[in-house]
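Take a look at the structure set out below.
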Amino acid sequence: MTMELHPLATPWRSERQFPSQLNIFDDDAFGFEVSGVGYRPCYESTWDIKGPPVIGKGLSYLDFRLILAKCKNKDSLFIPSSLLEIVKSESVELFNDDTYYLNVTALKEVKDIPINGLDFTFHTNEVEYKTRGDSIEYIWTISITERHFLQFIFSLAANKKIRPHIPAVEDYCSSIMQTVQIDFPDWVEREKAAAASISRDKNQVADIEPLVWKREADTSSYLDFRREVAEKAKQTEEQQ
């Protein structure tokens, strides 16, 4: 796999050292959790976002992470909607934590995006942390075997200064993704073809509602906001 990380971005966090080779079939290389999905970070960096030249004041920063994940018990990730189901379940596990997150809207703008002959699933998350403020995540996900997938994650610190420039930041992340090239071996291509033959809907993204949490002030617990609104609307309709 290759991609171009634009050299004009200013790195200010020391990049971690990652091994140049990895046996993806070695379970010990992944940190498996209760969910049965193990993760392995492959690269990460942080870049400044500065204002106009000369003035050059810092507006915000952008985190980039490349993550490899492996599913222990799952039907082929090449089967339509299978990957998205994993992403949804993992989002539930990650964000339903009132010790770290205040408010979260996950799995927004879910859609398929073709890049250089590759089929990515794209979505965004809006996250309010307890300690680091607001963040917007742009996430491209792709299956690379029946059990493995890659996630390209760009996390923008969404403070007031950067708000007017958010569309430009998303375009910047998209431009980096346009440089991604993955050369699959023949056996992976055969797996993809076999999975595609199972369903005619291989190019359709499953209709999925965003996962929305808000913190309840009195108890610090989380409520699914959409579910709460739907239940109140149903009660109002029944009373009428």
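The values are calculated or read from the model by the stated rules, or taken from the named source; none is laboratory data. If you're wondering where the values come from, they're calculated on a predicted model, not measured in any experiment. With ideal geometry, Cβ positions are generated from the backbone for all residues, glycine too; neighbour counts draw on all protein chains shown. Calculation scope for accessible area: heavy atoms of the full protein, side chains included, ligands and nucleic acids excluded. Shrake-Rupley method; radii C 1.70, N 1.55, O 1.52, S 1.80 Å.
Summary of computed values
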{"item": "Extreme residue, nearest to the chain's Cα centre (by Cα), among residues of the stretch 119-150 that are open to solvent by less than 20 Å² (accessible area, probe 1.4 Å), within 19 Å of K70 (Cβ to Cβ) and hydrophobic (A, V, I, L, M, F, W, C)", "result": "I139"}
{"item": "Selected residue (only one of S76, S135 is part of a loop (DSSP other than H, G, I, E, B), out of contact with any His (no Cβ under 6 Å at 6 or more places or on another chain) and of a type in the set (G, A, S))", "result": "S76"}
{"item": "Close pairs (9 angstrom Cβ cut-off, 6 or more residues apart or separate chains): under 18 Å from D112 (Cα atoms) and open to solvent by 70 Å² or more (accessible area, probe 1.4 Å) in the stretch 166-195, among the hydrophobic types (A, V, I, L, M, F, W, C) and modelled with pLDDT under 90 anywhere", "result": "Q181/M1; Q181/M3"}
{"item": "Among (1) open to solvent by less than 70 Å² (accessible area, probe 1.4 Å); (2) charged (D, E, K, R); (3) modelled with pLDDT of 90 or more - the single one E85 does not satisfy", "result": "(1)"}
{"item": "One residue from R227, R200 being more than 17 Å from I139 (Cβ to Cβ), surrounded by 11 or more Cβ atoms within 10 Å (Cβ to Cβ) and modelled with pLDDT under 90", "result": "R227"}
